[in-house]
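Structure first, then comments.
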Amino acid sequence: MEVLLNDFSPGLFIVQTILLLGLIFLMVKFAWKPILNSLNEREAGIEEALAAADKARTDMQNLQADNEKMLQEARAEREGMLKEAREIKEKMIADSKEQAKIEGDKMLKQAQSAIESEKKAAVADIKSQVAELSVAIAEKVLKEDLSSNDKQLKLVDSMLSDIKLN
Amino acid sequence: MMQVSNTIKTLLQLLILCFSLQSFAVSDTVPEGAVSSKEQVDEYILHHLKDSHDFHLFSYTADSGERKHVGFPLPVILWSSNGLATFMSSEFHHDDNGRVIVEKNGSKFVKLHSKIYELDAGASSVNFDEEHHATNAHKVLDFSITKSVVGVLLVGLLMLLAFSSLAKQYGKKKIPTGFGRVLEPLVLYVRDEIARPNIGEKHYRKFTGYLLTVFFFIWVLNLLGLTPFGFNVTGQIAVTACLAIFTLIIYTVSGNKDYWMHILWMPGVPVFVKPILAIIELAGAFIIKPFSLLVRLFANISAGHIVVMSLIAIMFTLKESLGVAGATGLSLVLSFFITLIEVLVAFLQAYIFTALSALFIGMAVAEHDHDHEHDDSGHEVADTEDVRADFI
Amino acid sequence: MVTYNLIGAGLIVIGAGLGLGQIGGKAMEGIARQPEAAGKIQTAMIIVAALLEGLAFGALFLGK
């Protein structure tokens, strides 16, 4: 402590105080203030530019997202339309198939019933003709003299050839 | 840039002028000043650590056996009992033992161990007691332009020139060129690594100017101390005391309500502890903090100078045991590496002084928006927020 | 008298050395544990070391 106090020079202390005060004042006025101000300005500028770039990037991203969304919507719409068309087509095909089937069935039924009735008519016709023929044959047989077997057979043949099975 | 190169030219001219000013050679009866023995080395180092009244560059022994000193004298300005006295330091003829008496304004002055004493009225020569203290002389207020003052002026001038040219550069362009490109990161370093984290985002702007000035002042002076010109400005206790007291004044003046509250009437402790804590806190704020600041810088720089000079002195002190080549080689290697470390210390001490100043200022202006926990003995428990605020 | 001073100085240096060793060692541990916090740890370490150094120097000069 004694050594310290002995080394301490009050004169130097006072001179140093004055010089340091002056130095601080001058440095603050002529150096630090302008330097720090322009550094702050520059930093603010950089920050602003960065923020602007950031904003531009987010805008761009938003735009891209929008585009994507629209594209997706369009695609979905197209798909929907295609699906719908396909459904319609399938439905139409199924409908027409059904219609055709119904129609065909109907026609088939008609044809069957027609055939049936024709058949019935034909059978009735045959029946009546057979009856008439048998009557005529019997008539002729009765009219002719059935002396011999040959004559009888000839007669049957000629009669049979007369019958035109239509 | 033009300005800087002009400055450098002027400085060089000044330097050449210094060397040509080797007019005041003195013939001593004893070839004093030649350094070869251990005692002389000790003496020389102690002498170097003190401030000096003339700018001494080197000494040599002329062919005639005379000891010649090369350097230039500096003005001595004294406030004696008979008023102001001014003369050039050459009038002491390099005497440092109180033998040469200079009479000015009716007062008699002698230089004794780098200090100027005024002889008491009626005395015609200095009497010494057994411890070599003067008995019939007293110290005077010494405003001389000593070597340290020259160093301070030189550094101040350099700082002003360098940084005002940097400031001017910003007027023209956004990014500085040349030497400014070296200075700008340093300014940013002090602002972003020292001022901002230690003081806090809110208040740091006010104190950045002071911190920057002090940082560069100490750093450049520390580095100047490593040059062969032999400045030892930051190893002068008056200089470091001045710096520490500036910091003390700043944090005392800018202390807010919370700061004074924590010093004078610590919240959250029993009433009977409060006065005791107040005494401790007051001693901490007004004595311990500035004292540690001033002593740390002073001691580190002085110790560095002592170590470097002692290692250089190995050349003489170990000449007998190691031979001339061995002693010189050892001395050169050791002093080279220690000087490298001293370059680091020069920066570190500037950093620490500035950082601690910023920390103390930050403590004084901190706003306590959260409650502190206090432990049983009444000490504040620093919560994580405090620690972070202090050390980020 | 001089001897006592020297003993005191030795004690101060021992204490300060122990303290600095602790600070440095713990800082190293911290850096090893969290290398990304090395900068902050270093700053804190230097400041604490400086506080200790101030104390030690103060004690040394009080005795001188």
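For the range B:50-72, backbone nitrogen atoms closer than 20 Å to the point 7 Å from B:Glu131 Cα along Cα-to-C-beta are found at B:50. For the range C:1-63, with every protein chain kept in place, what is the accessible area per residue (1.4 Å probe, Å²)? Each residue of the range C:1-63 exposes 64 Å² on average to a 1.4 Å probe. Note on chain C: GNM, Cα springs under 10 Å; of C:Gly24, C:Gly39, C:Gly15, the largest mean-square fluctuation is that of C:Gly39.
A simple spin-label model places the labels of B:Asn256 and A:Ala52 3.6 nm from each other, with each point 7 Å out along Cα-to-Cβ. Accessible surface buried at the B:C interface totals approximately 1300 Å², computed with a 1.4 Å probe on protein heavy atoms.
Ligands, DNA and RNA are left out, and with a 1.4 angstrom probe the accessible area of the range B:75-144 is 50 Å² per residue. Peptide B:289-299 has a mean of 5 when you count, residue by residue, the C-beta atoms of other protein chains within 10 Å of its C-beta.
Remark on B:Ser59: its backbone amide H falls under 5 Å from those of B:Val70, a criterion applied only to residues 5 or more positions apart or on other chains, H modelled at 1.01 Å from N. Considering only the Cα atoms of the range A:9-123, their convex hull presents on average a projected area of 13.3 nm².
Taking 0.36 nm per residue of separation and subtracting the current Cα-Cα distance, fully stretching the chain between A:Ile115 and A:Gln61 would add 11.6 nm. Legend: residue pairs A:Lys33/B:Lys174; B:Lys257/C:Lys40; B:Lys38/B:Lys147; A:Lys97/A:Lys120; A:Lys33/C:Lys40; A:Lys33/B:Lys202, Cα-Cα distance threshold 23 Å; pairs beyond threshold, B:Lys257/C:Lys40; B:Lys38/B:Lys147; A:Lys97/A:Lys120; A:Lys33/C:Lys40. Chain A packed on chain C takes about 300 Å² of accessible surface away from a 1.4 Å probe, both sides summed. Surface composition of the range B:242-361: carbon and sulfur atoms hold 84% of the protein heavy-atom accessible area at a 1.4 Å probe. Taking a ≥ b ≥ c as the square roots of the eigenvalues of the alpha carbon gyration tensor, the range B:148-374 is oblate, as a/c is not under 1.5 and a/b does not beat b/c.
Ignoring ligands, DNA and RNA, please state the percent of accessible area on the range B:75-144 from carbon and sulfur, probe 1.4 Å. Summing carbon and sulfur atoms, their accessible area is 50 percent of the total for the range B:75-144.
A loss of 20 Å² or more of accessible area (1.4 Å probe, protein heavy atoms, ligands and nucleic acids excluded) relative to the isolated chain is seen in these residues of the range C:46-64: C:Ile46, C:Ile47, C:Ala50, C:Leu51, C:Glu53, C:Gly54, C:Phe57, C:Gly58, C:Phe61, C:Leu62, C:Lys64. Chains B and A together bury roughly 3500 Å² of accessible surface, counting both sides and using a 1.4 Å probe on protein heavy atoms. Excluding ligands, DNA and RNA, the accessible surface per residue across the range A:1-74 is 68 Å² with a 1.4 Å probe.
With the simple model of a label 7 Å out from the Cα in the direction of the Cβ, B:Tyr44 to B:Ser321 spans 1.9 nm. Of the solvent-accessible surface of chain A, computed with a 1.4 Å probe over protein heavy atoms with every protein chain present, carbon and sulfur atoms account for 61 percent. Within 10 Å of the Cβ of each residue in B:135-142, the mean number of Cβ atoms contributed by other protein chains is 2.
Under the shape rule built on the C-alpha gyration tensor, where the axes satisfy a ≥ b ≥ c, the protein assembly as shown is prolate, since a/c reaches at least 1.5 and a/b is greater than b/c. Panel note: contact residues of the range B:160-199 (accessible area lowered by at least 20 Å² against the chain on its own; 1.4 Å probe) correspond to B:Leu160, B:Phe163, B:Ser164, B:Ala167, B:Tyr170, B:Lys174, B:Glu184, B:Val187, B:Leu188, B:Arg191. Between B:Phe337 and B:Val271, the contour length at 0.36 nm per residue exceeds the alpha carbon distance by 18.2 nm.
The range A:8-37 and the range B:336-359 have Cα centres lying 21 Å from one another. If R0 is 45 Å, the Cβ-Cβ spacing of A:Asp162 and A:Ile88 corresponds to a FRET efficiency of close to 0.10.
Here's the list of lysines a cross-link from A:Lys154 could span, going by alpha-carbon distance under 30 Å and ignoring same-chain residues fewer than 8 apart: A:Lys127, A:Lys140, A:Lys143, A:Lys164. Using the Cβ-Cβ distance between B:Asn105 and B:Lys139 with R0 set to 22 Å, the FRET efficiency works out to roughly 0.85. Only helices enter this figure: runs of n ≥ 4 DSSP H residues, each worth -39500 (n - 2.57), summed and divided by the residues of the protein assembly as shown, yield -23500 deg cm²/dmol at 222 nm to the nearest 500.
The values are calculated or read from the model by the stated rules, or taken from the named source; none is laboratory data. Computed from a prediction, not measured in an experiment: that's the story for all the values here. A quick note on method: Cβ atoms are made from the backbone with ideal geometry, for glycine too, and the neighbour counts reach across all protein chains shown. The protein model used for the area step is the full one, side chains on, heavy atoms only, and it has no ligands, DNA or RNA in it. Shrake-Rupley method; radii C 1.70, N 1.55, O 1.52, S 1.80 Å.
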